[in-house]
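Heads up: the structure comes next, in structure tokens.
Please treat every number below as a calculation from the coordinates, not as lab data. As the structure is a computational prediction, the values presented were derived from the model and not from experiment. Cβ placement follows ideal geometry from the backbone for every residue including glycine, while neighbour counts extend to all protein chains displayed.
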Amino acid sequence: MDIIKYRNIFFIFSGILILASIFAFSFFGVRQGIDLVGGTNWQIQIKDSAVKDSDLKSALGEISGYSDLTIKYLADGNFIVKFPSISEENHQKYYQGLKEKFGEVSELSFESIGPTIGQELRQKFIWAFTFGLLSILLYIAWAFRKVSYPVKSWKYGLIVILSAFHNIIIPCGLMAFLGWRQGIEIDTNFIVALMFILGYSINDTIVVFDRIRENLFLTHNKGNFDFGVTINSAIKQTINRSINTSLTTVLAVSPLYFIGPLSLKYFMLTLVSGIIIGTYSSIFIASPLLYVWHHKNKK
Amino acid sequence: MNKNKFPTYIIFIILLAILAGFFDYQPIWSKVVSKIHLPQVFLRDWRLGLDLVGGSILTYNIDLNEVAATDRDSVVNGLRDVIERRVNLFGVTEPQVYTAEAGEDKHLIVELAGIKDINQAIEMIGETPLLDFREVEILPAAATSSAGQFAGEDSNYKFIPTNLTGRYIKSAQVDFDNFGKSVVSISFTDEGAKIFEDLTGRNVGKPLAIFLDNEPIEIPTVQEKISGGNAQISGNFTPASARKLVERFNAGALPAPIELLSQQTIGASLGLDSLQKTIFCGIIGFILVILFIIGFYRGFGLIASLALMIYAVLTLGIFKVIPVTLTLSGIAGFILSIGMAVDANVLIFSRMREELKKGLPKRAAIEEGFRRAWPSIRDSNITTIIIAVILFYFATSFVKGFALTLFIGVLMSMFSAITVSKGLLEMFTKNKEKQK
């Protein structure tokens with residue numbers, strides 16, 4: 001497969017995905033979970049199976065006085081109720097109120113988070129993210145310090161970072177889309193997943209670039225040198241490994257998405273989408289970019 | 001034939017893995033320990049996070065506005081000790097109390113795994129027997145009205161806070177005064193005694209107010225300078241209320257007010273459900289991975305699967321020995337690292353196959369394959385390690401679990417690639433050569 005030859009197809013495909021993600025991100029925005037903006041998530045189970053979410057909504061609205069609460073029915077009488085952050089006193093009051101109204105009600109989880117915590121958490125993650133990006137940039141600059149022909153080592157680094165952005169923007173777009181379609185929220189786990197993608201997706205790119213580097217050492221002195229051929233053969237040598245590696249990782253975690261606990265579902269979706277995008281970009285985007293950049297400079 | 005020497009360490013690793021297998025599975029391991037009379041130290045159980053066993057995390061903001069900047073560290077530490085003592089009264093196993101910086105603010109985080117009545121716990125933690133002494137200035141208007149000893153809200157009095165607060169209380173006890181009424185005797189620490197001496201010396205003949213939770217409970221007039229650091233509070237106590245106050249003082253008065261910012265409570269049933277689902281998913285994921293590598297790589301896939309199994313039981317063993325607190329995301333991190341651990345094997349194997357194609361003999365191909373694959377194995381894991389370290393440093397306790405298991409998992413996978421996978425490959429190739 002001549003990836004360099006058909007590079008424009010991949011560039012266009014990625015371009016569309018990125019544009020769509022940016023579109024989703026800026027038009028739908030993302031729904032932020034309570035750990036980022038504050039609020040209450042309350043999971044309760046009502047034994048009386050006749051109770052519907054509308055009943056619960058009106059009952060809770062009456063007890064609490066909140067009109068903007070949202071209620072999601074899960075299964076087996078399980079409901080998730082969301083409203084602004086409340087005091088422990090009110091929590092007990094509402095709980096009692098529900099018990100009086102519906103009989104047997106049990107509490108599965110209760111999370112109430114003040115808005116200041118969310119702000120601090122966001123701040124922390126911005127730092128973590130910046131710090132992560134910088135450390136990885138430094139590492140790549142160090143790892144590729146010895147290659148300078150025909151592409152300068154900092155160019156490898158820059159392309160790795162560019163493809164890292166590519167790998168992160170697309171899962172963000174996906175979550176924005178799901179937030180718009182299904183009301184899925186992003187939370188701490190989502191940000192952790194993005195951080196993981198940042199580290200993991202780069203590893204594929206590094207392995208491909210390592211191979212290009214190794215092949216350059218072997219070939220560039222032998223005259224009649226073609227950078228495109230070198231890249232293509234490096235990809236050919238690593239493509240099985242790249243795909244199989246991601247596949248085993250995806251296989252290992254995918255049951256957690258399909259039948260795992262609810263709180264891990266979208267964490268896993270973000271991870272899996274990032275892993276797939278990362279593998280795709282290391283083969284079809286990062287290497288052709290290296291080629292294009294090299295040729296631009298030649299002319 | 002030195003070159004064909006059998007790698008004995010692989011036998012050791014396999015034995016270790018079998019041992020780890022027993023060790024990881026608690027029902028069997030507890031039987032093993034009691035059968036061969038091992039000391040109780042060896043009977044370790046898994047340490048599970050409170051999102052799996054149920055429990056609460058409470059986050060408080062510490063109000064340090066009233067505390068001088070130089071005293072803040074000692075106040076925060078004192079506060080943590082006090083809360084720790086109170087929390088220990090709940091009978092929860094291994095409660096965690098720690099402080100965290102949050103920008104300008106200080107937070108106090110209390111983790112109570114397996115707590116049943118969180119409402120009561122919140123009440124007991126948040127109770128602030130915030131005792132302090134205040135100097136009283138009688139405003140001119142009040143001079144005419146001679147009564148009003150207890151007029152806390154009386155605008156004729158002006159209360160001036162002093163730095164004598166509950167943090168200087170050493171102990172308290174219930175006493176009875178001459179009329180048989182309950183009073184609370186407190187004795188101050190040395191430092192507190194000195195402040196108290198100065199304060200009473202300065203205010204002889206004047207009233208001095210005692211405030212509890214920002215309410216004046218008594219405004220006695222100071223008769224003389226009091227040294228020795230003992231004082232008596234004779235508010236309107238019933239025997240019961242006096243005893244309760246004493247208990248609170250002895251558990252320690254809070255040196256600074258705190259405010260509950262957030263609570264996360266996970267019911268035990270939801271925790272157990274999550275745990276069972278996650279373990280089940282982990283097993284399914286593991287089986288899928290093994291089926292795939294055997295299907296794709298055949299013979300080598302079998303070796304890689306064996307290596308992966310050894311990797312998994314050894315890593316779990318390490319989690320149990322350290323012990324790592326396994327949270328939901330922590331187990332997910334481990335499952336993720338299983339998927340990632342295949343990579344090192346694949347890298348080695350594909351390099352080895354290339355070397356074989358070049359015509360190298362088997363053993364030499366293994367050596368060369370390892371040598372060439374190592375930079376890639378190292379490079380591809382370092383970025384994940386960097387991210388895990390950063391996440392561990394920045395994140396909250398649930399996320400720390402993910403970062404830690406991922407970190408240990410990735411390190412172990414590198415270690416297992418150069419020992420387990422290589423050893424197994426050498427073992428099996430040797431056997432094949434023997435058969436020929």
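Cross-chain or 8 or more residues apart, Cα under 28 Å: how many lysine pairs in segment A:1-77 fit that? Count them up, please.
Within segment A:1-77, the lysine pair count is 4.
May I ask for the net charge around B:SER30, where only other residues with Cβ less than 13 Å from the Cβ of B:SER30 are counted and Lys, Arg are +1 while Asp, Glu are -1?
Computed value for this residue: +2.
Quick check: from the Cα gyration tensor, does segment A:39-113 come out rounded (a/c under 1.5), prolate or oblate?
Rounded is the answer for segment A:39-113, as its axis ratio a/c remains below 1.5.
Normalising by the residue count of chain B, find the relative contact order in percent from Cα pairs under 8 Å and 6+ residues apart.
20
Mind checking segment B:245-304 for trypsin sites (Lys or Arg not before Pro) that DSSP puts in a loop (not H, G, I, E or B) and that have at most 15 other Cβ atoms within 10 Å?
Here the sparse-neighbourhood loop sites are B:ARG298.
Using the structure shown, list the pairs from A:LYS146/B:LYS358; B:LYS181/B:LYS244; B:LYS362/B:LYS422 with a Cα-Cα distance above 19 Å, or answer none.
A:LYS146/B:LYS358
Which trypsin sites (Lys or Arg not before Pro) does segment A:70-166 hold that lie in a coil by DSSP with at most 12 other beta carbons within 10 Å?
A:ARG145, A:LYS146
Would you list which aspartates and glutamates come within 13 Å of B:LYS206, measuring only between C-alpha atoms, while excluding same-chain residues fewer than 8 positions from it?
B:GLU135, B:GLU137, B:GLU224
Can you pull out the GluC sites (Glu not before Pro) in segment A:103-139 whose DSSP state is coil and whose Cβ has at most 10 other Cβ atoms within 10 Å?
A:GLU104
Per residue of chain B, what 222 nm ellipticity follows from adding -39500 (n - 2.57) for every DSSP H run with n ≥ 4, rounded to the nearest 500?
Computed ellipticity for chain B at 222 nm equals -18000 deg cm²/dmol.
For the pair B:ILE322 and B:ARG44, how long in nm is the line joining their label points, each one 7 Å along Cα→Cβ?
About 1.0 nm, to one decimal.
With the Cα gyration tensor of chain A in hand, convert its eigenvalues to equivalent ellipsoid semi-axes via √(5λ) and list them largest first in whole Å.
50, 18, 15
Just to be sure I understand the model, the point goes 7 Å from the Cα along the line to the Cβ. What's the resulting A:PHE28 to B:ASN178 distance in nm?
8.1
Suppose R0 equals 22 Å; then what is the FRET efficiency for B:VAL204 and B:ILE138 from their Cβ-Cβ distance, rounded to the nearest 0.05?
According to the calculation, E is roughly 0.90.
Report the FRET efficiency, 1/(1 + (r/R0)^6), for B:ALA68 and B:LYS158, where r is their Cβ-Cβ distance and R0 is 22 Å, rounded to 0.05.
Once rounded, the FRET efficiency stands at 0.50.
Give the separation of the Cα centroids, segment A:72-130 to segment B:320-342, in Å.
Comparing the Cα centres of segment A:72-130 and segment B:320-342, I get a distance of 27 Å.
Once phi is turned into θ = phi - 60°, what whole-Hz ³J(HN,Hα) does the Karplus curve with 6.51, -1.76 and 1.60 give for every residue of segment A:170-175, x standing for Gly and Pro?
After applying 6.51 cos²θ - 1.76 cosθ + 1.60, I find 5, x, 4, x, 4, 5 Hz.
What percent do you get for the relative contact order of chain A when only Cα pairs under 8 Å and 6+ apart count?
Relative contact order for chain A comes out at 25 percent.
Roughly how large, in nm² to one decimal, is the mean projection of the convex hull of the alpha-carbon atoms in the protein assembly as shown?
Directional mean of the projected Cα hull area for the protein assembly as shown stands at 45.0 nm².
To the nearest 0.05, what FRET efficiency results for A:GLN119 and B:GLU215 with a Förster distance of 41 Å applied to their C-beta separation?
Here the calculated transfer efficiency is 0.80.
So who's got an amide H within less than 5 Å of the one on B:SER262, skipping anything under 5 residues away but keeping other chains? H placed 1.01 Å off N, in plane.
Under 5 Å from the amide H of B:SER262: A:GLY114, B:THR59.
Once both axes come from the Cα atoms, what is the angle between helix B:72-88 and the longest principal axis of chain B, in degrees from 0 to 90, rounded to 10?
80
For chain B, what size does the Cα cloud have along each of its three principal axes, sorted from largest down, in whole Å?
So the extents along the principal axes, rounded to whole Å, are 115, 45, 38.
What distance in nm separates the simple spin-label points at B:MET124 and B:ASN230, each placed 7 Å from Cα in the Cβ direction?
Here the modelled spin labels are 3.1 nm apart.
How far, in degrees from 0 to 90, does helix B:328-357 lean away from the longest principal axis of the Cα atoms of chain B, to the nearest 10?
The angle comes out at about 30 degrees.
Which whole-angstrom value gives the distance between the alpha carbon centres of segment B:367-436 and segment B:177-203?
Here the two parts' Cα centres lie 65 Å apart.
So how far, in whole Å, is the C-alpha centre of segment A:228-286 from the one of segment B:18-95?
That distance is 37 Å.
How high is the relative contact order of segment A:39-113, given as a whole-number percent (alpha carbon pairs under 8 Å, six or more residues apart)?
RCO, segment A:39-113: 52 percent.
Just check segment A:81-228 against the gyration tensor rule for me: Cα atoms, a ≥ b ≥ c as the square roots of the eigenvalues, rounded for a/c under 1.5, and otherwise prolate or oblate depending on whether a/b exceeds b/c.
Note, shape of segment A:81-228 comes out prolate.
Per-residue HN-Hα couplings for segment B:53-61, Karplus 6.51 cos²θ - 1.76 cosθ + 1.60 at θ = phi - 60°, whole Hz, x for Gly and Pro?
Karplus values, whole Hz, x for Gly and Pro: 9, x, x, 9, 10, 10, 10, 10, 9.
Grab the other residues whose beta carbon is less than 14 angstrom from that of B:ARG47, score K and R as +1, D and E as -1, and report the net.
-2
Taking A:LYS124 as the anchor, which aspartates and glutamates have their alpha carbon closer than 18 Å to its alpha carbon, excluding any fewer than eight residues away along the same chain?
Answer for A:LYS124, where 18 Å is the Cα cut-off: A:ASP35, A:ASP187, B:GLU101, B:GLU104, B:ASP105, listed by chain and number.
Summing -39500 (n - 2.57) over the DSSP H runs of n ≥ 4 in chain A and dividing by its residue number, what mean residue ellipticity at 222 nm do you reach, to the nearest 500 deg cm²/dmol?
Calculated mean residue ellipticity at 222 nm is -24000 deg cm²/dmol.
Taking the 0 to 90 degree range and rounding to the nearest ten, how far is the long axis of helix B:299-321 tilted relative to the main principal axis of chain B, both from C-alpha atoms?
For B:299-321 against chain B, the angle is about 20 degrees.
Quick one: 3J(HN,Hα) in Hz for segment B:406-412, Karplus 6.51/-1.76/1.60 with θ = phi - 60°, rounded, Gly and Pro as x.
5, 4, 5, x, 5, 4, 5
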